[in-house]
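Everything below concerns the one structure shown next.
The values are calculated or read from the model by the stated rules, or taken from the named source; none is laboratory data. Worth saying up front: this structure is predicted, and the values here are computed from it rather than measured. For neighbour counting, all protein chains shown are included, and Cβ atoms are generated from backbone atoms with ideal geometry for every residue, glycine included.
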Amino acid sequence: MTLDLDMSTDGVLTADTHLIQSFADLNALKQNDARTVIVGAEGSVVRDSEGNELIDGIGGLWCVNAGHRRKEIIEAIHNQLNELDFYSTFYNFTHPAAAALADKVASLAPGHLNKVYFANSGSVANDTAVRMLHHYNNRLGRPNKKKILSRVGAYHGSTHLSIAMTTPAYSDGWDSASDLVHHLKSPHYWREGDGMSEAEFLDALVEDLRLTIEQMGAENIAAFIAEPIMGAGGVIVAPQGYHKRMAEVCAANDIKYISDEVVTAFGRLGHFFASKDVFGVTPDIITTAKGLTSGYQPMSATIISDEIHDVISGPGGMFLHGMTYSGHPAAAAAGLANIALMERDKLPEQVRTTGKLFENTLRGLSDLEIVGEVRGSHFMMGIEFVKDKTTKASFTPEDNIGLKIARAAQARGLIARPLGNILILSPTLILTEAQIGQVGDILRETITEVASTI
Ligand SMILES: Cc1ncc(COP(=O)(O)O)c(C=O)c1O
């Protein structure tokens, strides 16, 4: 098949096309800004339209956890489509793949999280969690208990509701369901904790939650939503013990805890789910997507507690929520094959070694002149660049530091994701030790080179 695209010599698409890109400067793209056209992939490497091989340092979009082109997953999708291409999970219809995947996910999720609702994106998984909790509170005769507490720096998706829960910077110039949401302080100690010890900073964060509940009234707040490690807000790791302390305050005020594990689940931090196994919290709801199918099919899950399910499934009500493709057979088959592969190869366990090596390799870049903070855990890492290490003075948006470094890394064979002054790395979980070394070398050379030009 040939694509009618206008390629430049370095593997980029320069023509205006009919496709609207996501989270992009559409005007810059109209002015023929470069596009990279990825045409093939294998393992941890992708190939662009010019034949360049690039280490996929962002795992597609933190999602290709099992690696590219795994035949077990592809065959499972193929076989499923041959058997049953589509049936919905509306009314009393169901099909074996969706039911089996729900069973499997419930068995992997911690504690009382036993009921699973599928959708097609992390954004909708989070919308679903909020809609379910609103209905839950209506059924309990608490129609005012609807507000959501989120955090500055969070990313929860880009539907009207999930972008409202996302950090305000992401809706600049765009509307959202902002009346529903209050943003608590960012838990980023390195940037926000000036003058405080980490323990004092943690106390201040918990106090912010307590005061907010006092001001807004627990009777008006349905839930607190938090990523175990913030992702697209800049890979921010909260102080040790933060999630447990926040969960305790929520529980004491009858506020549900939603853990957004769209990125952190399915092995990225060395466990199928991070909430309990890494952070010691059993939430009331876990939302997940991405690694659930390793990106082979669009699928998300909202996993709720027995208690929430008991209320919303009681007599005299209807579950008025549904997406045609919820639990799509091909997506469910992808999820089942992906999890089977992860269990067979002990991928989460492997990440505890290789992911730690990856983390330490990136932490080793801290000595570089413009590297302010290297943060994250295992295969979920961010590097923040600063103009001045001692004052932590930021580069200006015009410096385009993240983009410059990402482009220079790509020229050396590594895809990394720029986010302002931050570079995000979230590779496949099958990255080898040799590839980890390569990533470290490319980043060191690239950062040093770009630093010398500014
Ligand atoms: C933590 C988190 N939640 C939700 C989402 C939204 O998921 P999706 O893009 O599938 O809608 C993302 C996407 O990156 C995410 O990182």
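List of remarks:
- Leading residue by the ranking (modelled with the lowest pLDDT) among those in the stretch 167-184 that are of a type in the set (A, V, I, L, M, F, W, C) and surrounded by fewer than 18 Cβ atoms within 10 Å (Cβ to Cβ): Ala169
- Filter result (hydroxyl-bearing (Ser, Thr, Tyr) and either within 25 Å of Ile424 (Cα to Cα) or in a helix (DSSP H, G or I) (or both)) within the stretch 307-360: Thr353, Thr354
- Residue in the stretch 256-268 that is outside any loop (DSSP other than H, G, I, E, B), touching a residue at least 60 places away in the same chain (Cβ under 8 Å), more than 16 Å from the ligand (Cβ to nearest atom) and in contact with a His (Cβ under 8 Å, 6 or more places away or on another chain) present: no
Let's see how each residue does on (1) under 24 Å from Met230 (Cα atoms); (2) outside the structural domain of Ile236 (by TED's automatic domain parsing); (3) in a helix (DSSP H, G or I); (4) without any contact (Cβ under 8 Å) to a residue 60 or more places away in the chain:
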residue: Gly382; (1), (2), (3), (4): yes, yes, no, no
residue: Ala406; (1), (2), (3), (4): yes, yes, yes, yes
residue: Gln435; (1), (2), (3), (4): no, yes, yes, no
residue: Glu445; (1), (2), (3), (4): no, yes, yes, yes
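- The stretch 145-155, residues that are under 23 Å from Ala301 (Cβ atoms) and within 12 Å of the ligand (Cβ to nearest atom): Ser150, Arg151, Ala154, Tyr155
- Within this structure, Arg363 fails the test of being over 12 Å from Leu269 (Cα atoms) and not in a helix (DSSP H, G or I).
- Residue tally, condition touching a Leu at 6+ places or on another chain (Cβ under 6 Å) and more than 16 Å from the ligand (Cβ to nearest atom), over the stretch 156-183: 1
- If you check Ile312, Ile370, Ile339, Ile303 for being within 16 Å of the ligand (Cβ to nearest atom) and of a type outside the set (Ser, Thr, Tyr), only one passes: Ile303.
- For the stretch 133-243, the strands (runs of 3 or more DSSP E) that sit wholly inside it and include 2 or more residues that are on the phi < 0 side of the Ramachandran plot and touching a residue at least 60 places away in the same chain (Cβ under 8 Å) are 147-151, 221-226.
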